[in-house]
Amino acid sequence: MQIKLKNISKNYLEGGQQHIILDNINVMIDKGEVIALVGPSGSGKTTLLNLLSGIDEPDSGEVLIYDNNASLSNDSLSISAMNDEQKTLFRRHSIGFIFQFFNLIPTLTVLENIQFPLELCDKLDKTAAGKISNLLQRLSIENKQHQYPECLSGGEQQRVAIARAIIHQPQILLADEPTGNLDDETGQQVMNVLLELTKEYQMTMLIVTHSQDVASRADRILSLKNGHLVEKAS
Ligand SMILES: Nc1ncnc2c1ncn2[C@@H]1O[C@H](COP(=O)(O)OP(=O)(O)OP(=O)(O)O)[C@@H](O)[C@H]1O
Ligand SMILES: [Mg+2]
């Protein structure tokens with residue numbers, strides 16, 4: 001899927017004052033591209049991912065999704081124009097979201113957490129166990145599948161959150177600092193898996209990171225500062 005952000009602005013009211021977070025952002029992201037999103041803490045990176053997934057709405061502008069990247073004259077879907085049910089279905093089928101703070105379900109085991117998106121998409125079929133086991137192995141957490149999230153380290157929970165976000169093979173993967181809790185070596189291993197899967201599943205990936213190493217492996221680096229998004233040399 002190709003994504004276009006068109007004149008996107010977002011403000012928050014803070015102490016009675018409008019605080020501009022995103023100021024007329026315009027960008028086009030091609031199908032299959034890996035984009036690193038960098039910028040200081042509080043610059044609006046998570047806010048931008050929330051707008052892309054329809055979790056949050058811009059004050060003005062549109063997030064447009066194109067199913068075919070051949071030409072922009074093709075029909076596009078505007079996330080803002082979707083009703084709540086359409087947004088839920090779009091998120092469920094087309095988006096994988098690795099949340100900055102994981103958002104695992106505490107009452108479900110690792111395996112159940114990862115199965116959950118498959119159940120929602122009606123994809124918990126005979127092939128599911130093999131897919132989950134392959135992913136757990138590639139992320140080196142296969143021995144944790146029957147544990148509950150509270151029994152895992154931060155880095156292990158992060159890898160469960162990654163598995164849960166990609167198990168249903170979404171077309172767009174939004175990854176909010178997916179290696180933020182990992183040591184350098186595990187972080188590199190996880191980044192390898194994410195890049196391999198992006199190719200295998202032909203996903204478009206936006207990856208928020210504070211790591212120069214992670215950013216340098218993306219196709220493009222976009223930097224968010226003072227409400228503006230600028231392209232950086234990768
Ligand atoms: N729901 C909200 N209500 C009010 N202000 C908010 C809300 N969500 C975010 N903000 C403000 O918007 C700004 C951007 O927040 P955001 O979480 O997008 O930053 P970030 O770039 O992801 O930072 P970090 O690198 O620390 O995760 C912050 O100043 C934050 O306080
Ligand atoms: Mg953030």
Query raised in the report: Could you give the angle, 0 to 90 degrees to the nearest 10, between helix 110-120's Cα long axis and the longest principal axis of the Cα atoms of the chain?
Result: 60 degrees
Requested in this report: Report the charge-dipole magnitude of the range 1-98 in Debye, nearest 20, computed about the Cα centre from +1 at each Lys and Arg Cβ and -1 at each Asp and Glu Cβ.
Outcome: 200 debye
Query raised in the report: Tell me, how many Å apart are the Cα centres for the range 1-68 and for the range 158-172?
Result: 21 Å
Query raised in the report: Among ASP30, ASP75, what is the fewest-to-most ranking by other Cβ atoms within 10 Å?
Result: ASP75, ASP30
Query - Rounded to the nearest 20 debye, dipole of the range 97-234 from Cβ charges on Lys, Arg, Asp, Glu - result: 280 debye
**Report entry** Angle between the chain longest axis and helix 154-166 axis [Cα atoms, degrees, rounded to 10]
**Finding:** 80 degrees
Requested in this report: Starting from the Cα of LYS87, draw a straight line to each of the lysines and keep only those under 27 Å, dropping any in the same chain fewer than 8 residues away.
Outcome: LYS4, LYS6, LYS10, LYS31, LYS45, LYS123, LYS131, LYS199
Report summary line: To the nearest 20 debye, the range 24-163 has a Cα-centred charge dipole, built from +1 on Lys and Arg Cβ and -1 on Asp and Glu Cβ, of 520 debye
Query raised in the report: So what is the calculated 222 nm ellipticity per residue for the chain, using -39500 (n - 2.57) for each DSSP H run with n of 4 or more, over all residues, to the nearest 500 deg cm²/dmol?
Result: -10000 deg cm²/dmol
Query raised in the report: Which angle from 0 to 90°, rounded to the nearest 10, does the C-alpha axis of helix 128-138 make with the longest principal axis of the chain?
Result: 80 degrees
Query raised in the report: Can you give me the relative contact order of the chain as a percent, contacts being Cα pairs under 8 Å and 6 or more apart?
Result: 29 percent
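If you add up the charges near VAL160, with Lys and Arg at +1 and Asp and Glu at -1, over every other residue whose beta carbon is less than 11 angstrom from its beta carbon, what do you get?
+1
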Report summary line: For the ASP213, SER153 Cβ pair and Förster radius 22 Å, calculated FRET efficiency rounded to 0.05 is 0.55
Report summary line: Here the gain from full extension of ASP125 to HIS19, 0.36 nm per residue of separation minus their alpha-carbon distance, amounts to 33.4 nm
Query - Net charge of Cβ neighbours under 13 Å - reference GLU200; Lys, Arg +1; Asp, Glu -1 - result: +2
Requested in this report: Could you please report the charge total around ASN181, scoring K, R as +1 and D, E as -1 over all other residues with beta-carbon less than 13 angstrom from its beta-carbon?
Outcome: -4
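Can you order the peptides 90-102, 154-166, 192-204 by their average number of other Cβ atoms within 10 Å per residue, highest first?
154-166, 90-102, 192-204
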**Report entry** Share antiparallel - DSSP beta bridges, the range 91-234, percent rounded to 5
**Finding:** 35 percent
Query raised in the report: How high is the relative contact order of the range 90-188, in percent, with contacts defined as C-alpha pairs under 8 Å that are six or more residues apart?
Result: 48 percent
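Only the coordinates and a few stated rules stand behind these numbers; no lab work does. In this text, all values refer to a predicted model and were calculated from it rather than measured experimentally. Quick reminder, even Gly has a Cβ in these numbers, built from the backbone with ideal geometry, and neighbours come from all protein chains shown.
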